[in-house]
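The values are calculated or read from the model by the stated rules, or taken from the named source; none is laboratory data. Here the structure is a predicted model, which means the values were calculated and not measured. Because the Cβ atoms are built from the backbone with ideal geometry, glycine has one as well, and the counts that use them run over all protein chains shown. The area values use the complete protein model at the heavy-atom level, side chains included, leaving out ligands, DNA and RNA. Shrake-Rupley method; radii C 1.70, N 1.55, O 1.52, S 1.80 Å.
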Amino acid sequence: MSHTEQSPVVWSPSDAVLTGSRMGRFKTWLEQQGHGPFADYHALHRWSVTELETFWQAVWDYCGLVCDTPASRVLGSRAMPGAEWFPGMRLNFAANLLRLADGEQADQEAVVAYCETRPALRRTYAQVKADAGALEAFLRQQGVQQGDRVAGVVTNGYEALVGMLAATSMGAIWSSASPDFGVGAINDRFGQIEPAALIVVNGYGYGGKVFPRQADFAELIDKLPSLKTVVSVQQLPDEAPLSGDRVTTWEDALAAGAGQPPSFTPVAPDHPVYILYSSGTTGKPKCIVHGTAGLLVNHAKELMLHGDVGPGDRFLYFTTCGWMMWNWQASALMTGAAVITVDGSPGYPALDFLWNTVADERVTHFGTSARFIAGCRKSGIAPAKTLDQNALRVVFSTGSPLLPEDYDWVYQDGAPNALLGSIAGGTDICGCFVGACPLLPVRRGEIQCRFLGVDAEAYGDDGKPVREGRGELVCQQPLPSMPVSFWDDPNDERYRDAYFNTFPGVWAHGDFIEFTEHGGAIIYGRSDATLNPGGVRIGTAEIYRQVETMPEIRDSLVVGRQIDGDVEVVLLVVTADGGELSPDLLKELRNRIREGASPRHVPKRILEVPDIPYTRSGKKVELAVARLINGSAKADNRDALGNPEALDQIRAVLAAAKLLPA
């Protein structure tokens with residue numbers, strides 16, 4: 001059966017969207033400039049990777065990005081790694097995010113911040129700009145300079161956005177972590193980058209509970225001798241702020257710099273703007289450095305063209321400040337949209353809370369995780385039946401592959417009139433390789449397309465594109481938001497090892513992917529987690545698709561156990577509340593996998609466990625369990641896990657089943 005038959009169209013763009021969306025208008029504008037004509041999106045994409053420099057200059061111009069000194073050309077060196085974007089340019093990141101704050105958007109809402117512990121806060125673009133200027137002035141008074149690191153242990157709210165804007169306005173580098181991280185996990189990150197300033201909450205609320213962290217974060221401050229100043233945010237209003245000689249409250253910091261506008265200091269195009277981190281499950285996280293111009297232009301393309309976000313829109317992406325989606329969300333300020341931030345549990349006080357917020361705030365673009373959508377499907381909620389969703393145009397999903405059945409739920413009960421945009425990329429590029437496009441239909445179980453300017457292919461082991469079927473996701477040409485470096489990696493050895501060792505000169509991303517005959521994409525899981533029973537490569541997502549759509553199963557994880565020169569598939573399942581892994585359920589699981597995938601996918605062993613381990617950004621930790629079952633000596637960094645006790649529980653289950661190496 002072809003993918004066209006397997007993946008029926010579940011949403012199609014109207015004529016108004018085809019011509020009136022920003023992507024549609026961009027296509028028309030290009031044709032008026034003498035490019036094309038483009039018969040369809042796929043023709044536009046081919047042109048974008050053939051005429052790489054012309055394309056990225058067109059994005060810069062069409063999206064209205066600003067710089068103090070123009071580039072001498074778009075792309076200097078094309079080497080990967082080492083591509084040189086916009087040589088000669090001088091620009092400021094915050095100036096671009098606030099480029100509309102002095103015009104018609106000045107009095108429009110820029111940020112609406114919800115959390116569990118404080119009332120909702122609303123600020124206009126003019127207010128955001130004034131607060132960013134005041135905080136920048138305070139940081140300068142404390143001796144913070146261009147190139148210094150400003151770190152935030154902050155919730156997804158107003159202070160995180162203002163902190164980032166203040167830092168990047170002066171040419172400092174912003175880096176953030178979520179306050180639910182342990183002190184060890186935060187220090188594993190910030191200890192490497194030696195921040196000059198720390199913006200830190202006194203605790204956080206989650207699931208109706210409060211978690212004071214003053215003592216923990218005082219310990220963190222002691223571990224960071226590079227700090228010149230600390231700004232304490234009253235996330236828990238009834239709790240004391242942090243104390244100490246270097247600590248100032250948020251309110252006092254803003255008062256100290258009141259009336260000072262942001263400096264918008266021009267910097268070089270590859271000047272670092274953000275430091276993000278790998279998950280750190282096998283040791284200290286890698287510190288991934290992103291450059292100013294490349295990140296900016298790529299986010300403009302992704303949000304304004306692919307996402308169709310602009311003035312008058314209201315953008316809510318449920319994230320924490322320890323996930324790259326926070327940085328992606330923050331860039332929505334450049335579009336003139338209002339950014340609606342939500343901090344806390346997505347399921348508190350009930351699973352429909354986010355959907356209610358989307359309706360109440362007239363959100364046009366709602367972003368979440370595939371895991372959240374699966375949870376909504378399993379719970380049986382139906383927001384489309386009870387809520388006014390007339391404003392909602394796009395639902396983004398990321399974090400893991402979105403199951404076909406989750407498309408069914410969205411188009412039956414979730415948001416039937418919205419474009420369901422499954423997007424995929426990573427912290428490594430702080431953006432996407434494949435994802436949504438308003439000019440294309442949405443097909444059940446498929447990501448819509450390669451993004452413009454992204455020369456993505458599926459490579460076989462021979463380093464050539466596969467004609468059909470699955471392969472390694474690669475990017476054959478430079479992308480502006482590829483990292484400029486890893487922190488403290490002087491010869492780029494770790495950087496090359498991470499992306500360019502598999503196929504020299506070509507970025508290998510580490511996803512197992514298939515591109516369909518109509519230009520869509522299906523991701524089958526991480527390459528390093530694929531299974532190889534009998535020499536046949538299997539993506540873990542193929543098994544999850546069968547297992548996690550069963551109402552009796554709440555969650556699952558699959559790994560390969562190496563034995564006698566082969567691999568046997570081991571499936572760990574968490575049964576739904578009150579259930580048990582009965583002989584009948586075991587039989588049904590095996591039949592479901594055999595019929596829905598293939599006989600090779602059927603696990604040799606199926607075991608019940610209390611919980612599945614996840615990273616703090618919500619990704620299943622397959623490799624840690626694989627190392628456990630195969631006796632790897634490589635230690636796992638428990639601080640990187642959201643629920644490290646799950647790994648101990650799995651160890652006990654595997655030991656009882658005699659599946660651990662002697």
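With Cβ to Cβ distances under 13 Å as the rule, what net charge do the other residues near Ile563 carry (K, R +1; D, E -1)? Before the final figure, lay out each step's value.
Values: positive: Arg561, Lys604, Arg605, Lys658; negative: Asp564, Asp566, Glu568.
After counting each charged neighbour, the total is +1.
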Inset, instruction - Before anything else, pin down the relative contact order of the chain: Cα pairs under 8 Å, at least 6 apart, normalised by residue count, whole percent. - result: 13 percent
Inset, instruction - Collect residues whose amide H, placed 1.01 Å from N in the peptide plane, falls under 5 Å from the amide H of Ser556; neighbours closer than 5 in sequence don't count. - result: Val574
Legend entry - Cα point-scatterer Debye curve for the chain, base-10 log of I(q)/I(0) at q = 0.05 Å⁻¹: -0.22
Legend entry - Cross-link partners of Lys27 among lysines (Cα-Cα below 24 Å; sequence separation of 8 or more within a chain): Lys301
Inset, instruction - In whole Hz, with x marking every Gly and Pro, tabulate ³J(HN,Hα) for the range 570-581 from phi via Karplus 6.51 cos²θ - 1.76 cosθ + 1.60, θ = phi - 60°. - result: 10, 10, 9, 10, 10, 6, 4, 3, x, x, 8, 7
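Given a 1.4 angstrom probe, what's the average accessible area per residue across the range 263-386, in square angstrom?
Details: 3000 Å² over 124 residues.
Solvent-accessible surface per residue comes out at 24 Å².
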Inset, instruction - Could you go through the range 404-420 in sequence order and give the Karplus-derived ³J(HN,Hα) for each residue, using 6.51 cos²θ - 1.76 cosθ + 1.60 with θ = phi - 60°, rounded to whole Hz, and x for Gly and Pro? - result: x, 5, 6, 4, 4, 5, 4, 7, 9, 10, x, 7, x, 9, 8, 6, 8
Inset, instruction - Give me the accessible area per residue for the range 396-440, probe 1.4 Å, as a whole number in Å². - result: 20 Å²
Inset, instruction - State the percentage of accessible surface on the range 264-368 attributable to carbon and sulfur atoms; use a 1.4 Å probe and exclude ligands, DNA and RNA. - result: 53 percent
Legend entry - Nearest-0.05 FRET efficiency for Ala652 and Asp216, computed from C-beta distance (R0 30 Å): 0.55
Legend entry - Under 5 Å, built H, 5+ apart or other chain: amide partners of Thr124: Ala110
Legend entry - Electrostatic dipole magnitude of the range 107-186 [Cβ: Lys, Arg +1; Asp, Glu -1; Cα centre; debye, to 20]: 100 debye
Inset, instruction - Enumerate the lysines that Lys619 could reach by cross-link, defined here as Cα to Cα under 21 Å, with residues fewer than 8 away along the same chain left out. - result: Lys284, Lys286, Lys378, Lys634
Legend entry - Rg to Rh, two decimals, where the range 549-662 supplies the alpha carbon set and Rh follows Kirkwood: 0.96
Legend entry - Unit charges at the beta carbon, dipole of the chain: most positive-side option, Asn298, Ile221, Gly36: Gly36
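Translational D (Stokes-Einstein, µm²/s) of the range 224-379 at 37 °C and 0.692 mPa s when Rh comes from the Kirkwood sum over C-alpha pairs? All intermediate terms of the calculation are to be shown ahead of the outcome.
Details: Rh = 18.8 Å.
Estimated diffusion coefficient is 175 µm²/s.
With N residues in the range 470-538, what two-decimal value do you get for its Cα radius of gyration over 2.2 N^0.38 Å?
Numbers: Rg = 14.3 Å, N = 69, 2.2 N^0.38 = 11.0 Å.
Normalised Cα radius of gyration, the range 470-538: 1.30.
If the range 175-258 were replaced by its equivalent ellipsoid, with semi-axes equal to the square roots of 5 times the Cα gyration tensor eigenvalues, what would those be, largest first, whole Å?
Details: eigenvalues 71, 65, 22 Å².
For the range 175-258, the ellipsoid semi-axes come out as 19, 18, 10 Å.
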Legend entry - Restricting the range 543-594 to GluC sites (Glu not before Pro) in coil, as DSSP defines it, with at most 12 other Cβ within 10 Å: Glu580
Legend entry - Residue-normalised accessible area of the range 584-649, expressed per residue, 1.4 Å probe, Å²: 48 Å²
Legend entry - Accessible surface of the range 142-215 [probe 1.4 Å, protein heavy atoms]: carbon and sulfur percent: 44 percent
Legend entry - Residues whose placed amide H lies under 5 Å from that of Val309, excluding near-sequence neighbours: Met304
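Add -39500 (n - 2.57) for each DSSP H run of 4 or more in the chain, then divide by its residues: what number comes out at 222 nm, to the nearest 500 deg cm²/dmol? If you can, show how the numbers build up before the last one.
Values: 22 runs with 196 residues, N = 662.
Computed ellipticity for the chain at 222 nm equals -8500 deg cm²/dmol.
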Legend entry - Karplus-derived 3J(HN,Hα), 6.51/-1.76/1.60, for each residue of the range 540-550, Hz, glycine and proline x: 4, 5, 5, 7, 4, 4, 7, 7, 7, 9, 7
Inset, instruction - Calculate I(q)/I(0) for the range 259-331 by the Debye formula, one identical point scatterer on each C-alpha and no solvent, and give its log10 at q = 0.15, 0.21, 0.27 Å⁻¹ to two decimals. - result: -0.69, -1.10, -1.22
Inset, instruction - Give the Rg (one decimal place) followed by the Dmax (whole number) of the range 96-152, computed from C-alpha coordinates and expressed in Å. - result: 13.8, 35
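Carbon-plus-sulfur fraction of the accessible area of the range 420-555, 1.4 Å probe, in percent? Please list the in-between numbers first.
Values: 1940 of 4650 Å².
Result for the range 420-555: 42 percent of the exposed heavy-atom area is carbon or sulfur.
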